[in-house]
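**Student:** For reference, the structure I am asking about is given below.
The values are calculated or read from the model by the stated rules, or taken from the named source; none is laboratory data. Note that the coordinates shown come from a computational prediction; the quantities given were computed from them, not determined experimentally. Cβ atoms come from the backbone with ideal geometry, glycine included; neighbour counts cover every protein chain shown.
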Amino acid sequence: MGRCFRYVAAAALLLACGCVAADVPLRSGFIEVEGGPVWYEIAGSGDGVPLLTLHGGPGGTSCAAQLLFPLADEREVIRYDQLGSGRSGRPTDTTLWNRDRFVAELHALRSALGLERMHLQGHSWGGALAAYYVLEKGSEGIVSLTLSSPLISTPLWIRDANALRATLDADVQAVLDKHEAEGTTDHPDYVEATEVFYDQFVSRGEAVEEVRCDDAPRNDLIYLQMWGPTEFFATGTLGDFDLTPRLGDIDIPTLFVTGEFDEALPGTIRGFADSVPGARFEIIPGAGHASISREPDLYRSILREFLRTAEAMAEGGN
């Protein structure tokens with residue numbers, strides 16, 4: 001999510017060197033939503049149904065979505081920075097940081113860009129937002145849904161995070177326990193201890209492809225308000241987030257993806273997939289939560305084939 005819903009390690013979505021899909025034509029702009037302007041970028045063109053991708057956080061940026069730009073040889077690939085982070089506006093009204101306003105923001109962007117038909121993909125918090133959007137606004141015009149290492153249920157996320165946390169060295173766990181009990185989660189020792197968790201289950205491995213993100217800062221204040229100080233210590237407004245009772249209402253082709261060593265545990269994500277009629281489930285071998293940057297070719301191959309299949313199904317139904 002903030003420090004936790006991210007694609008890479010300590011610097012969150014900050015990757016170096018821009019070398020992905022350099023030949024893809026890009027166009028960008030802003031749209032006005034409740035609270036301020038939202039920045040978007042559209043890569044490529046083509047006859048395929050556009051793909052709209054939602055970044056992690058809350059409070060992250062769309063920087064790592066550039067790793068999906070190679071798919072723009074068949075279709076437009078659209079990313080945007082959610083309000084409050086990246087290149088988008090940074091209002092100080094904290095009442096804006098709630099799940100329903102983010103749904104309204106997505107709906108406004110979709111309308112402004114004329115996305116009457118689209119594929120919707122989200123990673124981590126972006127997966128939560130994508131699923132929640134479909135359940136709140138309906139699936140009309142959405143050809144497929146891809147939920148990549150998604151937050152579906154905060155209680156289950158915390159259950160799994162605690163199980164992974166229990167595998168850490170006892171001294172690391174003791175530091176985490178101490179500072180959480182004392183309310184000092186901003187202490188350097190606590191921050192250092194959380195990195196042990198992130199190294200194993202979030203940013204595991206090295207990035208294979210890199211994109212420039214240094215001009216699009218995240219906003220950790222949104223993450224702290226909506227989630228909390230760490231992956232495994234949810235104190236924010238998403239504490240009661242749970243879509244599990246509603247998964248059976250998703251009525252479009254759906255792909256669940258997670259890393260083999262992901263904090264979004266494969267067994268749990270498979271259970272979510274089993275609850276969605278006809279859903280597909282894929283594991284990225286060797287990867288943690290940062291599966292897109294660690295195995296970009298495999299991730300894109302899975303997604304490309306899924307998008308094509310969903311479009312063929314949609315055409316066959318018309």
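**Student:** Looking at this structure, is Leu67 in a helix (DSSP H, G or I), modelled with pLDDT of 95 or more and among the hydrophobic types (A, V, I, L, M, F, W, C)?
**Tutor:** Details: in a helix (DSSP H, G or I): yes; modelled with pLDDT of 95 or more: yes; among the hydrophobic types (A, V, I, L, M, F, W, C): yes.
For Leu67, the condition - in a helix (DSSP H, G or I), modelled with pLDDT of 95 or more and among the hydrophobic types (A, V, I, L, M, F, W, C) - is met.
**Student:** I'm trying to understand the selection: among the residues of the range 42-74, which are over 17 Å from the mean Cα position of the chain (by Cα) and on the phi < 0 side of the Ramachandran plot?
**Tutor:** If we filter the range 42-74 for residues that are over 17 Å from the mean Cα position of the chain (by Cα), which is where we start, we get 42-50, 70-74.
Those that are over 17 Å from the mean Cα position of the chain (by Cα) and on the phi < 0 side of the Ramachandran plot: Ile42, Ala43, Ser45, Asp47, Gly48, Val49, Pro50, Pro70, Leu71, Ala72, Asp73, Glu74.
**Student:** Between a residue in the range 165-189 that is without any contact (Cβ under 8 Å) to a residue 40 or more places away in the chain and surrounded by 10 or more Cβ atoms within 10 Å (Cβ to Cβ) and any residue that is part of a loop (DSSP other than H, G, I, E, B) and not small (Gly, Ala, Ser), which pairs come within a Cβ distance under 7 Å, given they are 6 or more apart or on different chains?
**Tutor:** Cβ pairs passing all conditions: His179/Thr185; His179/His187.
**Student:** Can you go through Val202, Val196, Val208 and tell me which one is within 28 Å of Pro296 (Cα to Cα) and surrounded by fewer than 16 Cβ atoms within 10 Å (Cβ to Cβ)? Spell out the reasoning first.
**Tutor:** Working: Val202 fails: surrounded by fewer than 16 Cβ atoms within 10 Å (Cβ to Cβ); Val196 fails: surrounded by fewer than 16 Cβ atoms within 10 Å (Cβ to Cβ).
Only one candidate qualifies: Val208.
**Student:** Let me ask you something else. Which ranges mark the helices (runs of 4 or more DSSP H) fully within the range 77-171 that have 1 or more residues being of a type in the set (S, T, N, Q) and either under 20 Å from the mean Cα position of the chain (by Cα) or over 22 Å from Gly248 (Cβ atoms) (or both)?
**Tutor:** 99-112, 154-165
**Student:** Could we say that Asp297 is of a type in the set (Asp, Glu) and part of a loop (DSSP other than H, G, I, E, B) here?
**Tutor:** Working: of a type in the set (Asp, Glu): yes; part of a loop (DSSP other than H, G, I, E, B): no.
So Asp297 fails the test.
**Student:** Follow-up question, since we're still on this one. Return the residues of the range 269-288 that are within 17 Å of the chain's Cα centre (by Cα), more than 20 Å from Glu305 (Cβ to Cβ) and either part of a helix (DSSP H, G or I) or not small (Gly, Ala, Ser) (or both); say none if nothing qualifies.
**Tutor:** The one that is within 17 Å of the chain's Cα centre (by Cα), more than 20 Å from Glu305 (Cβ to Cβ) and either part of a helix (DSSP H, G or I) or not small (Gly, Ala, Ser) (or both): Phe272.
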